[in-house]
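Participant: I have a structure here, written as structure tokens, and I will follow up with some questions on it.
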Amino acid sequence: MAPLVKTYLFFIIPLLLLASSNVLAQQDIVDPDAKDPGINDGGSDYANPPIESATLGQWAIDNPNAGVAAMQLQLMPNDKVVWFDTTSLGPSGFKLPDGAPCPNNPDANNQPDCYAHAIAYDWKTSNYRPLTLQGDAWCSSGNLWPNGNLMATGGTNSGDKAIRVLANNDDPKADFDTRLNVLADTRWYSSNQVLDDGAAVVLGGRDSFSYEIVPPQMEFPKQRFDLPFLKETQTPALGPGKPVENNLYPFQFLLPDGNVFLFANNRAITFAPRTGKVVKQHPELPGGSRNYPPSGSAALFPLKLTADDQPVKAEIVICGGNQPNAYEVVDARHVTEKQFLPALQDCHRIQPLAPDAAWIDEQNMPSPRTMGDLIHLANGDLLMLNGAKAGTSGWEDSTDANLTPVLYTPYKPMGQRFKELTPTNIARMYHSCSALLPDTRVLVAGSNMHKYYTFEAEYPTELRVEKFTPPYLDPALDNQRPAIDAQGTDKVIKYGQPFKVAATLASGDPLVLGDIKVTLLYPPFTTHGFSQNQRMVVPAITAIENNVITAVAPPSGMIAPPGYYILFVNYLGVPGPGLWVHIE
């Protein structure tokens, strides 16, 4: 070997070994922002890197005064957004027109009530009309039926066992059909979950340690299932008229095996809804209380399907909330001097179908949040918005409004999953709601921290309606935005069968396998920071020919309960406007 080469190797080899040892040493260091190996990355949705906008979204007032504060909200397949509040706490901001009949209000001594407490809001035109709310729906629950009708369940006072159904049609006079005292138990602060056959579990509520299954019809035999777990997770009351609970509006999610994952306070189980049998006890989630009134947020991640019907991974995230005593130190029924504890900032994930299912620490949110919504966006990302940074749910029980929405991309590397977006200037705190619209924007309404409609306060009753434009609607991305051809798309999707979606790109480029993702969103009933029945399914694409996508429908109602979904087509993370389809 030449002397020069020997000299070169004499110096370079030690340097390479040193560099190698440094790399190994760096790998051994625990980086708090590194990806947690306990969290599956979910697999790539595309063969190429997704397109990301540098914009942070924007807000716009959609209506300066909708008259009724949005306590409960549901997007319907007829493109009306229905929301309502309560009939027992005085007038709303929407007085019925002169000459209109004023229905008697059983929660106000059967006196005529000339104020609307529910509206149907046309998200395309921003127009709205009153609906008649009978039986107080204050802090109630709801879901859509397979035919697209809205069922609203429970409430308090005369409405605590009520069912109200609003038809999914274009009749300008359509109104709630209400039956009082038809549920098996009182349902105040309960939650609903649609099952594989379209029936709904109506579960929990104040002093209701049970659930029942309500089929898609108004008349049915009452059947009550006791669920001791709900009593076990209730924080003991402090005395007459001073409940704390911490397990109201429990989080429910239908799992791909047909069982239901149930989370209340700081604990979770999986149970068989047809029998009430608890099939799995999950570990306790440390750190605080996550349900009402500390009011954290929860969501089921998109269910990604395969063409050959491989087992579907289900993963759930829970974020925020507050300390177990946060309500009792702030609410006027417990104290005379309010103490607003900081909301929680942590998030945790679990895969409940895994044999050794355990909570995995997720990256912390950029800011603390209680009463926030956590909703799916059209491209499969999630959006956190609304809520407060301190306190809990309850009248005047929170402060420091969280005005900044957060984009949550759960399968990015740890440390990159949350991105703060453009803040609003309207506080959306207790009793506010949001919904993803078919045009891929987000409608936001409500906020009333007070017993009555109150407009002279730090956080007044909010009757303005906003729309948030997420970053994926950046005009610079319009050339990559897909457009669905409704004529060439199957609007009825049969379980397990292939279906067609025709779409084009504004650029004129052909759709290519690997660059396209289809998402199907079941629109949720949102109230008190929990989007009940929210579900996104990502069907497998088997072919794309001449801009016609062939995908495989979900195999059963356990993956996608029967009903109406919004179908979106995404090009490398850029979605186009959606189309209503029916899965059956």
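Participant: Could you work out how much longer the chain between Cys114 and Ala174 gets when fully extended? Use 0.36 nm per residue separation minus the Cα distance between them, nm to one decimal. Mind dumping the intermediate values first?
Facilitator: On the way: separation 60, 0.36 × 60 = 21.60 nm, distance 1.85 nm.
So the extension gain works out to 19.7 nm.
Participant: Put a dot 7 Å past each Cα toward the Cβ at Asn181 and Lys124; how far apart are the dots in nm?
Facilitator: Using points 7 Å along Cα→Cβ, the separation is 4.3 nm.
Participant: Can you list the GluC sites (Glu not before Pro) in the range 147-251 that are in a DSSP coil and have 13 or fewer other beta carbons within 10 angstrom?
Facilitator: Details: sites: Glu212, Glu219, Glu232, Glu245; in loops: Glu219.
Loop-located and lightly packed - Glu219.
Participant: For Lys419 and Gln223, calculate 0.36 nm times their separation in residues minus their Cα-Cα distance, and state this gained length in nm to one decimal. Can you show the working numbers first?
Facilitator: Details: separation 196, 0.36 × 196 = 70.56 nm, distance 4.56 nm.
Roughly 66.0 nm would be gained on extension.
Participant: Evaluate the relative contact order of the chain (contact order divided by residue number), counting alpha-carbon pairs under 8 angstrom at least 6 apart; express in whole percent.
Facilitator: Values: 1624 pairs, mean separation 85.1, N = 584.
Relative contact order comes out at 15 percent.
Participant: Cross-link candidates for Lys277: which lysines have Cα within less than 18 Å, leaving aside residues fewer than 8 places away along the same chain?
Facilitator: Correct list for Lys277: Lys231.
Participant: With each pseudo-label sitting 7 Å past Cα toward Cβ, what's the Lys338-Asp196 distance in nm, one decimal?
Facilitator: The two pseudo-label positions are separated by 4.7 nm.
Participant: If I fit a long axis through the Cα atoms of helix 3-28 and take the longest principal axis of the Cα atoms of the chain, what angle between them do I get, 0 to 90°, rounded to 10?
Facilitator: Roughly 20 degrees between the two axes.
Participant: Can you compute the equivalent ellipsoid semi-axes for the chain, i.e. the square root of 5 times each eigenvalue of the Cα gyration tensor, sorted largest first and rounded to whole Å? Let's see the in-between values first.
Facilitator: On the way: eigenvalues 339, 168, 115 Å².
Those come to 41, 29, 24 Å.
Participant: So if we plug the beta-carbon distance of Tyr452 and Lys500 into 1/(1 + (r/R0)^6) with R0 = 41 Å, what FRET efficiency do we get, rounded to 0.05? It would help to have the intermediate numbers written out before the result.
Facilitator: Details: r = 53 Å, r/R0 = 1.29.
Using R0 = 41 Å, I get an efficiency of 0.20.
Participant: In Å², and per residue, what accessible area does the chain have when probed at 1.4 Å with the other protein chains present? Show your work: numbers first, answer last.
Facilitator: Details: 22610 Å² over 584 residues.
Result: 39 Å² of accessible area for each residue.
Participant: Given a Förster distance of 56 angstrom, what is the FRET efficiency for Val278 paired with Asp98, based on the Cβ-Cβ distance and rounded to 0.05? All intermediate terms of the calculation are to be shown ahead of the outcome.
Facilitator: On the way: r = 56 Å, r/R0 = 1.01.
Computed FRET efficiency for Val278 and Asp98: 0.50.
Participant: What area, in nm² and to one decimal, does the C-alpha convex hull of the range 40-93 cast on average over all directions? Please list the in-between numbers first.
Facilitator: On the way: hull surface 32.9 nm².
Orientation-averaged projected area of the Cα hull: 8.2 nm².
Participant: Any idea which of Gln534, Ser447, Asn259 is furthest toward the positive side of the dipole for the chain, if Lys and Arg beta-carbons carry +1 and Asp and Glu beta-carbons -1?
Facilitator: Asn259
Participant: Ranked highest first by average number of other Cβ atoms within 10 Å, how do 129-137, 291-299, 176-184, 53-61 line up? Please report the intermediate quantities before stating the final value.
Facilitator: On the way: 129-137: 23.0, 291-299: 28.9, 176-184: 17.1, 53-61: 14.8.
Going by the mean number of other Cβ atoms within 10 Å, highest first, we get 291-299, 129-137, 176-184, 53-61.
Participant: With a 1.4 Å probe and every protein chain kept in, tell me what percent of the accessible surface of the chain is carbon plus sulfur. Write out the running numbers ahead of the final one.
Facilitator: Numbers: 12120 of 22610 Å².
It is 54 percent, rounded to a whole number.
Participant: Spit out the partnerless Cys residues in the chain, using Cβ distances under 4.7 Å as the pairing rule.
Facilitator: So, Cys139, Cys433.
Participant: So what is the calculated 222 nm ellipticity per residue for the chain, using -39500 (n - 2.57) for each DSSP H run with n of 4 or more, over all residues, to the nearest 500 deg cm²/dmol? Present the calculation step by step, with values, prior to reporting the outcome.
Facilitator: Values: 2 runs with 31 residues, N = 584.
The per-residue figure over the chain is -1500 deg cm²/dmol.
Participant: Still on this structure: List the lysines whose Cα lies under 17 Å from the Cα of Lys467, skipping any in the same chain that are fewer than 8 positions away.
Facilitator: Lys80, Lys124
Participant: Starting from the 7 Å offset along Cα-to-Cβ, what nm value, one decimal, do you get for the label separation of Asp478 and Glu584?
Facilitator: 3.8
Participant: Here's something else I'd like to know. Show which aspartates and glutamates lie in cross-link reach of Lys161 when reach means a straight Cα distance below 18 angstrom and same-chain residues fewer than eight apart are skipped.
Facilitator: Asp85, Asp107, Asp136, Asp177, Asp185, Asp207, Glu212, Glu219, Asp226
Participant: Considering only the other residues whose Cβ falls under 9 Å of the Cβ of Glu212, what net charge follows from Lys and Arg at +1 and Asp and Glu at -1? Spell out each step's value before the answer.
Facilitator: Working: positive: Arg187, Lys222, Arg224; negative: Asp185.
Its environment carries a net charge of +2.
Participant: Shifting gears a bit: Could you calculate the contour length gain from Thr542 to Thr132, that is, 0.36 nm times the residue separation minus the distance between their Cα atoms, to one decimal place in nm? Write out the running numbers ahead of the final one.
Facilitator: On the way: separation 410, 0.36 × 410 = 147.60 nm, distance 4.72 nm.
My answer for the length gained is 142.9 nm.
Participant: Still on this structure, please answer the following. Of the trypsin sites (Lys or Arg not before Pro) in the range 240-343, which ones lie in a loop per DSSP and count no more than 16 other C-beta atoms within 10 Å? Walk me through the numbers before you get to the answer.
Facilitator: On the way: sites: Arg267, Arg274, Lys277, Lys280, Arg290, Lys304, Lys313, Arg333, Lys338; in loops: Arg274, Lys277, Arg290, Lys313, Arg333, Lys338.
Sites meeting the loop and neighbour criteria: Arg274, Lys277, Lys313, Arg333, Lys338.
Participant: Please list Met218, Met384 in order of solvent-accessible area, largest first, computed with a 1.4 Å probe with all protein chains present. Write down the numbers at each step before the final one.
Facilitator: On the way: Met218 30, Met384 5 Å².
I get Met218, Met384, largest accessible area first.
The values are calculated or read from the model by the stated rules, or taken from the named source; none is laboratory data. Computed from a predicted structure; not experimentally measured. Glycine gets a Cβ as well: all are built from the backbone with ideal geometry, and neighbour counts include every protein chain shown. Ligands, DNA and RNA are stripped out before the accessible areas are found, and what is left, the full protein with its side chains, is counted by its heavy atoms. Shrake-Rupley method; radii C 1.70, N 1.55, O 1.52, S 1.80 Å.
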